[in-house]
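A short worksheet on the structure shown next.
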Amino acid sequence: MSLNKIETINNFEKKYRNNDYNGINNGNSNFKIINGTIPIILSAPHAVKQSRKGLIKEEDRLTGAIVEYLCMATGSNGIVRTCNLNDDPNYENDGEALKYKQAILNLIDEKNIGILID
């Protein structure tokens, strides 16, 4: 991987590092959608810390930045968690976690997505 690619990924990662990998709550949503042109969704639900059964689980470092980079480089669609609101989209089916899953389902319907990579 070229230095430019690594620098780009590291720059994307800065926002996830905020607040000790809890991210920054912008008040609207704890995830962001990246609109692409090909029928693939890349997902990074653990780009920041998550809470499962009352315990904080560590982030999967660089996953959010890699998804952003791959979306930019390939035209894929993406969804990335940007802050921890004490939820875990891969585990829970209510609250903020459910909103993440619903956003994925909406993208699948709207863009006729054939592949989801989580």
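The values are calculated or read from the model by the stated rules, or taken from the named source; none is laboratory data. Predicted model, so just to flag it, every value in this text is computed and none were measured. Methodologically, a virtual Cβ is constructed for each residue, glycine included, from the backbone with ideal geometry; neighbour enumeration extends over all protein chains shown. Keep in mind that these areas ignore ligands, DNA and RNA; they rest on the heavy atoms of the full protein, side chains included. Shrake-Rupley method; radii C 1.70, N 1.55, O 1.52, S 1.80 Å.
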Partner lysines for Lys49 [C-alpha distance under 19 Å; skip if fewer than 8 residues away on the same chain]:
Lys14, Lys15, Lys32, Lys57, Lys99, Lys101
Rounded to the nearest 0.05, what FRET efficiency do Asp109 and Lys5 have when you use their Cβ-Cβ distance and R0 = 25 Å?
0.15
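Given R₀ = 22 Å, FRET efficiency for Asn28-Leu98 by Cβ-Cβ distance, to 0.05? Don't jump to the answer; show the numbers that get you there.
Details: r = 16 Å, r/R0 = 0.73.
So the FRET efficiency works out to roughly 0.85.
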Considering only protein heavy atoms and a probe of 1.4 Å, how much of the accessible area of the chain is carbon and sulfur, as a whole percent?
52
Heavy-atom accessible area per residue of region 1-80, all protein chains kept, 1.4 Å probe, expressed in Å², is 54
Give me the distance in nm between label points sitting 7 Å out from Cα along the Cα-to-Cβ direction at Ile117 and Glu58, one decimal.
2.4
Tell me, what HN-Hα J-couplings in whole Hz come from the Karplus equation 6.51 cos²θ - 1.76 cosθ + 1.60 at θ = phi - 60° for each residue of region 106-118, using x for Gly and Pro?
4, 4, 4, 5, 5, 10, 6, 6, x, 9, 10, 10, 10
By the gyration tensor of its Cα atoms, with a ≥ b ≥ c the square roots of the eigenvalues, what is the shape of the chain: rounded for a/c under 1.5, prolate for a/b over b/c, or oblate?
oblate
